[in-house]
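These notes concern the structure reproduced below.
The values are calculated or read from the model by the stated rules, or taken from the named source; none is laboratory data. Treat the numbers as computed from the prediction; the structure is a model and nothing was measured. Here the Cβ positions follow ideal geometry from the backbone for every residue, glycine too, while neighbour counts run over all protein chains shown.
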Amino acid sequence: MTSTAVRPGAPSGPVPEAPAPEPAGEPGRSGLAGLLELPVTAWRSVTRSVRRSPGRLTAMGVGLVVLVVVFGVVGTFAVQSKSDTITDLADHREPLTAASQEIYRSLSDADAASANAFLVIGAEPPELRARYDLDIARAGAALAKAASDSEGYADAAAKVDVLSQNLPVYTGIIERARANNLQGFPVGASYLREASNLMRTVILPAAADLYNIDTGRLSAEQDDASGFPWFSAVLLVAVIAALVVTQVYLTRRTNRLLNVGLVVATGAMAVVLLWGAVALIIQSTLVSAGRDDGSHPVDILVRARSAAVQARADELITLVARGDGVTYEDDYKKLGPLLTGYLAQAHELMTGKAAEQIAIAQNTSNTWLQVHKDIRAKDDSGNYGDAVREAVDPTAPDGAAASFAKVDQALVTAIDIGRQNFLDSTSGAGDALTLLAPGVAVLSVIAAGGATIGIRDRLREYR
């Protein structure tokens with residue numbers, strides 16, 4: 001028998017063929033296609049994870065923490081923004097509104113003082129010169145303050161430019177009028193009327209527009225300060241609802257009544273809700289009081305005072321014009337009822353000492369209006385000297401000069417009371433928000449930590 005030699009270690013059967021290499025499949029995704037698939041892959045991974053209790057709890061914990069942190073950031077900034085607005089109202093916006101009002105009043109009074117000086121026989125009284133200089137100085141200072149706030153506001157900047165360009169022109173014409181008047185030249189009265197026309201047609205309208213712009217900005221900031229932060233409130237309610245729902249879910253799944261971490265988180269958010277609601281209600285009420293008892297009646301009183309000062313200038317320049325002042329007299333007749341109407345409105349809005357001062361202004365303005373009729377009757381009948389004396393004599397207790405001074409002083413006092421009411425109420429509104437912004441931030445951090453600990457404790461039970 002024959003045998004076949006076999007190489008040691010070689011298989012006794014036929015040698016199998018080497019396996020053929022696997023056919024190359026589709027090339028692996030890379031580059032842009034791979035990046036586009038990442039969100040899909042991540043979503044599938046999350047979906048698979050939340051089908052199990054640990055993954056579901058992890059997702060709930062992350063969602064709670066993100067929601068609490070978002071509310072903390074939004075709520076803190078909302079409260080701080082409201083607090084900053086209130087501070088700006090008291091420290092910046094209201095003083096600037098008062099400055100723009102001072103521009104109009106001072107310039108109107110300067111126009112009246114310069115006309116008054118022309119009606120005095122002989123040298124110009126030093127007190128009238130000092131009054132005119134003080135009015136111009138006050139207007140200049142208030143204009144500089146208004147200019148510092150007009151940057152970025154084209155409408156306000158345009159009015160400031162008109163005032164800045166024309167005020168030196170006005171004062172220059174007044175100086176020429178004064179110089180000619182001292183020398184007895186009739187052309188001095190012409191210069192005075194030219195200056196007064198510039199004041200009435202260009203300068204005072206620009207000052208009135210600037211005041212209206214600043215008043216509008218003040219009102220807008222008050223609306224912003226008293227508005228309710230709806231987005232933050234809805235977000236806070238959503239946070240509390242999410243915390244409650246999570247605790248109900250855990251109670252049903254674990255048969256444990258309370259989760260200490262989530263209870264702490266819910267309590268922190270409940271404190272934010274209660275604290276914020278009380279603080280914001282008080283703050284909004286005080287801001288509204290500052291408008292109702294302060295800025296709104298003050299605005300009406302300012303308009304009444306401006307009408308009174310302008311009417312006084314009309315009264316005097318009508319006499320300076322000597323028979324050619326019909327335009328000024330017509331303007332006076334329009335301003336008289338306007339003054340009476342403003343005073344009636346203000347009297348309905350204010351109480352206490354302010355109402356008493358307004359009542360004085362009402363009574364005295366009625367006396368002044370009657371005296372003015374007598375002045376016009378004397379002037380129209382040719383008794384010019386008596387008409388001038390009745391208009392400018394400050395010693396006559398019921399004369400036009402004394403009556404106007406009483407009206408002006410009563411309005412100044414009432415305006416000061418109204419401004420103080422505004423400042424007191426607005427400052428109180430700011431105090432109501434004290435520590436609320438940092439409080440929201442701290443309590444949000446506590447809530448986020450409580451939610452994290454509460455979910456972590458449940459996750460440990462699955463290990």
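Here are the numbers for this structure:
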{"read-out": "Some residue of the range 260-269 being modelled with pLDDT under 95 and within 30 Å of Gln420 (Cβ to Cβ)", "value": "no"}
{"read-out": "Qualifying residue in the range 379-395 (condition: farther than 22 Å from Leu128 by Cα and assigned to a helix (DSSP H, G or I))", "value": "yes"}
{"read-out": "Residues satisfying the stated conditions in the range 385-400, i.e. surrounded by 15 or more Cβ atoms within 10 Å (Cβ to Cβ) and either touching a residue at least 24 places away in the same chain (Cβ under 8 Å) or β-branched (Val, Ile, Thr) (or both)", "value": "Ala387, Val388, Ala391, Val392, Gly399, Ala400"}
{"read-out": "Failed condition for Gly336, given (1) closer than 17 Å to Ala195 by Cα; (2) part of a helix (DSSP H, G or I); (3) not aliphatic (A, V, I, L, M)", "value": "(1)"}
{"read-out": "Answer from Val287, Val278, Val326 - the residue that is of a type outside the set (Ser, Thr, Tyr) and crowded, with 17+ Cβ neighbours inside 10 Å", "value": "Val287"}
{"read-out": "Test result for Thr340, among the β-branched types (Val, Ile, Thr) and farther than 23 Å from Pro297 by Cα", "value": "no"}
{"read-out": "Subset of the range 422-432 that is surrounded by fewer than 22 Cβ atoms within 10 Å (Cβ to Cβ) and of a type outside the set (Gly, Ala, Ser) - its residue that is farthest from Val264 (Cα to Cα)", "value": "Leu423"}
{"read-out": "Single residue of the range 294-345 satisfying the filter (of a type in the set (Phe, Trp, Tyr) and within 21 Å of Asp374 (Cβ to Cβ)) that is nearest to the chain's Cα centre (by Cα)", "value": "Tyr332"}
{"read-out": "Asp155 vs. criteria part of a helix (DSSP H, G or I), in contact with a helix residue (DSSP H, G or I) (Cβ under 9 Å, 6 or more places away or on another chain) and surrounded by fewer than 16 Cβ atoms within 10 Å (Cβ to Cβ)", "value": "yes"}
{"read-out": "Test set (1) within 22 Å of the chain's Cα centre (by Cα); (2) outside any helix (DSSP H, G or I) - Phe185 fails condition number", "value": "(1)"}
{"read-out": "Search result, residues across the range 410-448 that are β-branched (Val, Ile, Thr) and more than 17 Å from the chain's Cα centre (by Cα)", "value": "Val412, Thr413, Ile415, Ile417, Thr434, Val440, Val442, Val445, Ile446"}
{"read-out": "Residue among Ser114, Ser81, Ser108, Ser100 that is among the small types (Gly, Ala, Ser), exposed (fewer than 15 other Cβ atoms within 10 Å of the Cβ) and in a helix (DSSP H, G or I)", "value": "Ser81"}
{"read-out": "Residue list for the range 405-448, filter: over 30 Å from Asp223 (Cβ atoms), in contact (Cβ under 8 Å) with a residue 24 or more places away in the chain and not acidic (Asp, Glu)", "value": "Lys406, Val407, Ala410, Val445, Ile446, Ala447, Ala448"}
{"read-out": "Failed item, numbered, when Ser83 is tested on (1) over 20 Å from Arg303 (Cα atoms); (2) touching a Lys or Arg at 6+ places or on another chain (Cβ under 9 Å)", "value": "(2)"}
{"read-out": "Some residue of the range 48-68 being surrounded by fewer than 16 Cβ atoms within 10 Å (Cβ to Cβ), assigned to a helix (DSSP H, G or I) and at pLDDT 90 or above", "value": "yes"}
{"read-out": "Val264 surrounded by 14 or more Cβ atoms within 10 Å (Cβ to Cβ), hydrophobic (A, V, I, L, M, F, W, C) and either over 30 Å from Ile455 (Cβ atoms) or in contact with a helix residue (DSSP H, G or I) (Cβ under 7 Å, 6 or more places away or on another chain) (or both)", "value": "yes"}
{"read-out": "Residue match in the range 140-157 (condition: of a type in the set (A, V, I, L, M, F, W, C), within 29 Å of Gly323 (Cα to Cα) and within 33 Å of the chain's Cα centre (by Cα))", "value": "no"}
{"read-out": "Scope the range 324-354; condition in contact (Cβ under 8 Å) with a residue 12 or more places away in the chain and farther than 22 Å from Gln409 by Cα; matching residues", "value": "Tyr328, Glu329, Asp331"}
{"read-out": "Candidates Ala195, Ala233, Ala206 - the one that is under 30 Å from the mean Cα position of the chain (by Cα), modelled with pLDDT of 90 or more, more than 30 Å from Gly61 (Cβ to Cβ) and surrounded by 12 or more Cβ atoms within 10 Å (Cβ to Cβ)", "value": "Ala206"}
